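J.: Here it is, the structure in full.
The values are calculated or read from the model by the stated rules, or taken from the named source; none is laboratory data. All of these numbers come straight from a predicted model, not from anything done at the bench. Note: ideal-geometry Cβ built from the backbone for every residue, glycine included; neighbour counts use all protein chains shown. Surface areas here come from the heavy atoms of the whole protein model, side chains and all, with no ligands, DNA or RNA. Shrake-Rupley method; radii C 1.70, N 1.55, O 1.52, S 1.80 Å.
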Amino acid sequence: MPQQGQSGLERQIGPWQATAINMTQMCGVGPLLTIPFMVADVGGPQAVFGWIIGAIIALADGLIWAELGASLPGAGGTYIYLREAFQYRTGRLMPFLFVWTAILYIPLTMATGVIGLVQYLGALWPAVVAGDGTVNTFGHVVGIVITGFVVVLLYRKVGDTTRITTVFFGVMLVSILAVIVAAYSHFNGAMAFDYAPGTFAAGGPFFTGLGAGLVLAVYDYLGYNTSSYLGAEVRQPGRTLPRSIVLSIVGIMCLYLLLQVGILGVLPWQDVAKSSSIATLAVSTAWGSTAADIVTVLIVVTAFASVFAGLLAGSRVPYEAARDKLFLPQFARLHPRGHFPTVGLLVMGVITAVGSLLPLTVVINALTTAIVLVQALAQAAALIVLRRRQPTLPRPYKMWLFPLPLIVAVAGWVFVYLSTDTVSIVLSVVWVIVGAVAFLIYARAERVWPFGPKEIREEYLSPAP
């Protein structure tokens, strides 16, 4: 008999499943799309150091998620953390802004998976891509159909979907490891570590391209927090969530490093920088076209799996806000038999489909700036506020070496934010301003802060179930 959480959702996700969900979401098709961009940005094989710096930022931020998730294990993740921390001064403003932004950036993240899926599908079915390897009009139609299929698969109880995710996790490992083994079977160390003189000098190509490269690296690590969105459906969340976050970041970092170095050891970095389906090219070079086609099929399935895992978790975010009467009430509906949020799943599926029509780099910059403003920096502040405001809150896990990881995370996120393009930065600020106006309209209608009293609810001060 599954455990029932406070929210009516069932606790059926164990440690292995939580880690698999995170890693499947993290290592979809992202690195296989962005390796060429990263190599081009930093001008050579030194791009591998971008993965290491990105992992440091992700791990520092992951420890913030670990403490908050372990002590506040509910559906929606960040929504709950911001609601609990900032209710004392600004009422429901911060959690509202998060949901307002998440309803956009979570499906945009999934849209990148759809774009990557169709791009790699082009190696098997050229009709879906243009001559330069980018997705064409027919490919966009295929992407929309694939998104619809993901939503259909997710339209069932969480126990069934996590079993599907575990299978997808296995496919993801096989596909990535196949590319790694193929690359190292024809590995040329001199090519992989061919750093030009002056590469790491001040003003050299590494440092001038590091900002743009880190935007891509951090994007590729996103997903280590996916299990936190499912906190109300995780068994023993105080132990499971921190472990799933840390293990997924360390595991994916190792895979990314092996993948990047291996590809650079089988192909000249100039060829890597120009490829639109780098994994197919690497396997084809090492093992021939038949093996490359097989691995490409696995990569397409891996991309599908990342979209599947992301929409599974993302659909839970507006659910908790709607239960709090802070978002449209339709998002609080659960399926009568499957006990999963239906409206959030359908709406995010539609936004994912629309986002898949945009260029990949535009989507990555847009979702990154949104994440930094309303989630990453806000959660760092929330951890400090909660330690001060709710000192008796049960904390099964507390951040190691506090506050050093928090400082590293904030500095890293600010650098990444400033490294995106100007249009994305401006749009992220405008989106937050429009969200603040929308909140004021809501607050006036509901007569809550700043037009009425604050509602202080310290829901998690008693031990979590």
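J.: What is the helix-to-structure angle for 137-154, meaning the angle in degrees between its Cα long axis and the longest Cα principal axis of the chain, kept from 0 to 90 and rounded to the nearest 10?
T.: With both axes taken from Cα atoms, the answer is about 50 degrees.
J.: Roughly how many nanometres apart are two label points built 7 Å out from the Cα toward the Cβ at R447 and V426?
T.: Between R447 and V426, the label points sit 4.2 nm apart.
J.: Right, something else. Once the Cα gyration tensor of the chain is found, what semi-axes does its equivalent ellipsoid get, as square roots of 5 times the eigenvalues, in whole Å, sorted largest first?
T.: Numbers: eigenvalues 261, 115, 87 Å².
Equivalent-ellipsoid dimensions as semi-axes: 36, 24, 21 Å.
J.: Where does each of 431-442, 13-24 land if you order them by average Cβ count within 10 Å, highest first?
T.: On the way: 431-442: 14.6, 13-24: 24.0.
So the order, starting with the most tightly packed, is 13-24, 431-442.
J.: Still on this structure, I have one more. Where only protein heavy atoms count, and the probe is 1.4 Å, what is the accessible area per residue for the chain in Å²?
T.: Working: 17260 Å² over 465 residues.
Per residue, the chain has 37 Å² of solvent-accessible surface.
J.: OK, next. Where does segment 243-338 land on Rg/Rh, using Cα atoms and the Kirkwood Rh? List each step's numbers first, then the result.
T.: Numbers: Rg = 20.2 Å, Rh = 16.9 Å.
Result for segment 243-338 is an Rg/Rh of 1.19.
J.: To continue, here is another question. At a 1.4 Å probe radius, which order do F168, F37, F98 fall into by accessible area, largest first? Write out the running numbers ahead of the final one.
T.: Numbers: F168 30, F37 85, F98 0 Å².
Output order, biggest surface exposure first: F37, F168, F98.
J.: Based solely on C-alpha atoms, express the radius of gyration and the Dmax of segment 399-463 in angstrom.
T.: Looking at segment 399-463, its Cα Rg and Dmax stand at 17.9, 45 Å.
J.: Given the convex hull of the Cα atoms of segment 1-154, what is a quarter of its surface area in nm²?
T.: For the Cα atoms of segment 1-154, the hull's average projected area reads 12.9 nm².
J.: Gain in length, T208 to L346, computed as 0.36 nm per residue apart minus the alpha-carbon separation, to one decimal in nm?
T.: 45.5 nm
J.: Please list, short to long, the whole-number percent of alpha-carbon pairs of segment 43-114 in consecutive 10 angstrom bins beginning at zero.
T.: Histogramming segment 43-114 at 10 Å steps yields 17, 31, 35, 13, 4 percent.
J.: Does a label point 7 Å from the Cα of T166, set along Cα-to-beta-carbon, have any residues of segment 285-321 with amide nitrogen under 20 Å, and which are they?
T.: Correct set: 302, 305-313.
J.: Please report, in debye to the nearest 20, how large the charge dipole of segment 25-170 is about its Cα centre when each Lys and Arg carries +1 at its beta carbon and each Asp and Glu carries -1 there.
T.: Values: 6 positive and 6 negative charges, 98 e Å.
Charge dipole of segment 25-170: 460 debye, to the nearest 20.
J.: How much length, in nm to one decimal, is gained on full extension between W125 and V297, taken as 0.36 nm per residue of separation minus their Cα-Cα distance?
T.: On the way: separation 172, 0.36 × 172 = 61.92 nm, distance 1.09 nm.
Answer, rounded to one decimal: 60.8 nm.
J.: Taking the Cα atoms only, what angle lies between the long axis of helix 237-264 and the longest principal axis of the chain, rounded to 10 degrees?
T.: Rounded to the nearest ten degrees, it is 20.
J.: Can I ask one more? Given N residues in segment 25-70, what is its alpha carbon radius of gyration divided by 2.2 N^0.38 Å?
T.: Numbers: Rg = 13.3 Å, N = 46, 2.2 N^0.38 = 9.4 Å.
Dividing the Cα radius of gyration by 2.2 N^0.38 Å gives 1.41.
J.: Helix-derived [θ] at 222 nm for the chain: sum -39500 (n - 2.57) over DSSP H runs of at least 4, divide by residue count, nearest 500?
T.: On the way: 20 runs with 317 residues, N = 465.
Rounded to the nearest 500, it is -22500 deg cm²/dmol.
J.: If you fit an axis through the alpha-carbon atoms of helix 48-71 and take the longest principal axis of the Cα set of the chain, what angle between them do you get, 0 to 90°, nearest 10?
T.: 20 degrees
J.: Considering only V114, Y155, V266, whose Cα is most displaced toward the positive end of the charge dipole of the chain, charges sitting on Cβ of Lys, Arg (+1) and Asp, Glu (-1)?
T.: The listed residue farthest towards the positive side: Y155.
J.: Shifting gears a bit: What trypsin sites (Lys or Arg not before Pro) in segment 361-419 are in a loop by DSSP, with at most 16 other Cβ atoms within 10 Å of the Cβ? List each step's numbers first, then the result.
T.: Details: sites: R387, R388, R389, K398; in loops: K398.
Sparse-neighbourhood loop trypsin sites (Lys or Arg not before Pro): K398.
J.: A follow-up question, please. Return, ordered by residue number, the residues of segment 25-62 whose backbone nitrogen is under 12 Å from a label point located 7 Å along Cα→Cβ of T285.
T.: Residues passing the 12 Å test: 36, 45.
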